[in-house]
1. So, counting K/R as plus one and D/E as minus one, what does the shell of residues with Cβ under 11 Å around K14 add up to?
2. Roughly how many debye, to the nearest 20, is the charge dipole of the chain about its Cα centre, given +1 on each Lys and Arg Cβ, -1 on each Asp and Glu Cβ, and no other charges?
3. Per DSSP helix of 4 or more residues, -39500 (n - 2.57); summed, then divided by the residues of the chain. What does that give at 222 nm, rounded to the nearest 500?
4. Please turn the phi angles of segment 63-72 into ³J(HN,Hα) values with the Karplus equation 6.51 cos²θ - 1.76 cosθ + 1.60 (θ = phi - 60°), one per residue in order, whole Hz, x for glycine and proline.
5. For the chain, calculate the relative contact order in percent as a whole number, restricting contacts to Cα pairs under 8 Å that are 6 or more residues apart.
6. Points 7 angstrom from Cα along the Cβ direction at T60 and D74: gap in nanometres?
7. Would you tally the net charge around Q79, using a Cβ to Cβ cut-off of less than 14 Å, leaving Q79 out, and scoring K and R as +1, D and E as -1?
8. Once you have a ≥ b ≥ c as the square roots of the Cα gyration tensor eigenvalues for the chain, tell me rounded if a/c is under 1.5, and otherwise prolate or oblate according to whether a/b is larger than b/c.
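All of the numbers you see were taken from the coordinates with simple rules; none came from a lab. Just so we're clear, the structure is a prediction, and the values are computed from it rather than from any experiment. So basically every Cβ, Gly included, is an ideal-geometry build from the backbone, and we count neighbours across all protein chains shown.
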Amino acid sequence: MIKVYGIKNCDSVKKALKFFKEHNLEIDFFDFKKEEVTSTMIDYWVKNSSVDKLFNNRGTTYRTLKLKDLNLDDEGKKQWLCKESMLIKRPVVEYNDKVIVGFDEKEYKNTFL
């Protein structure tokens, strides 16, 4: 089963969902706005990807919280990801013990088709 994490109004998530629908791939969607992201999930994603791929330092939430001023190390970034799910780059896709962060059509085709 393909598990997709994100928010439905995010452009990258929309592209990913469209990709899965167009290729008739069944997914399980986890909405950050309706369900809570756990520290266990963050740990798993970091272990199978990286904290820098997961941590969105370009978004509104990052700027609003003025996190640039904190010069966060990897552990600090992980702590913020656990506290504020809107700092997570989207979508996060779990598939066969693999974690893919963001939407890259070429990577999706290589992985899922």
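1. Details: positive: K8, K15, K18, K21, R90; negative: D11.
That works out to +4.
2. Details: 22 positive and 19 negative charges, 92 e Å.
Value, rounded to 20: 440 debye.
3. Values: 6 runs with 49 residues, N = 113.
Rounded to the nearest 500, it is -11500 deg cm²/dmol.
4. Going residue by residue, I get 5, 4, 7, 6, 6, 4, 5, 8, 6, 5 Hz, with x marking Gly and Pro.
5. Details: 131 pairs, mean separation 41.1, N = 113.
Relative contact order here is 36 percent.
6. In this crude label model, T60 to D74 measures out at 3.2 nm.
7. Values: positive: K77, K78, K83; negative: D43, D73, D74, E75, E84.
Neighbourhood net charge equals -2.
8. Details: a/c = 1.96, a/b = 1.73, b/c = 1.14.
Cα axes put the chain in the prolate bin.
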